[in-house]
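Only one structure is covered here, and it is reproduced in the block below.
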Amino acid sequence: MASSEEKRPAQKKIIEGVVVSDKMDKTVVVQTERKLRHPLYKRVIRRRAKVYAHDEQGIAKTGSRVRLIEARPLSKTKRWQVLEVLA
């Protein structure tokens, strides 16, 4: 019975985006983009969102493409951590 009720760790979300600001200490602002199809007109729409991410080493600079991983709440607005810098 205990084996069926065991909790498995949840898989954390990973997103990619472009750094638009690195002026804060250990924090970057990343603009992410997702595409969705309009339910009535069937046209592809681009939706953008800005997320705040924790950057402990300060490796991400403005304009660089980064990969983020979901994290526990680190502050009022930060819920992501920089996983790696892609370009």
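Remarks
- Of 11, 31, 57, the one that fluctuates the most in a GNM where the chain has Cα springs shorter than 10 Å: 11
- FRET efficiency, 1/(1 + (r/R0)^6) with R0 22 Å, evaluated for residue 45 and residue 85 via beta carbons: 0.20
- Highest-fluctuation residue, 43, 34, 72 considered, GNM on the chain with Cα pairs under 10 Å: 43
- Radius of gyration over Kirkwood radius for the chain, both on Cα atoms: the Rg/Rh ratio is 1.13.
- Charging the Cβ of each Asp and Glu at -1 and of each Lys and Arg at +1, and nothing else, the dipole of the chain about its Cα centre rounds to 660 debye.
- The string of couplings for the range 78-87 from the Karplus curve (6.51, -1.76, 1.60, θ = phi - 60°) is 8, 10, 10, 10, 6, 8, 7, 9, 8, 8 Hz, one whole number per residue in order, with x for Gly and Pro.
- The length gained on full extension between residue 38 and residue 12, counted as 0.36 nm times the residue separation minus their Cα-Cα distance, comes to 6.6 nm.
- Cβ-based charge dipole, the range 22-85, positive-most Cα from 81, 31, 62: 31
We did not get these values from a lab; they are worked out from the coordinates using the rules stated. A quick note: this is a predicted structure, and the numbers were derived from the prediction, not measured. Heads up, the Cβs are rebuilt from the backbone with ideal geometry, glycines too, and the neighbour counts pull from every protein chain shown.
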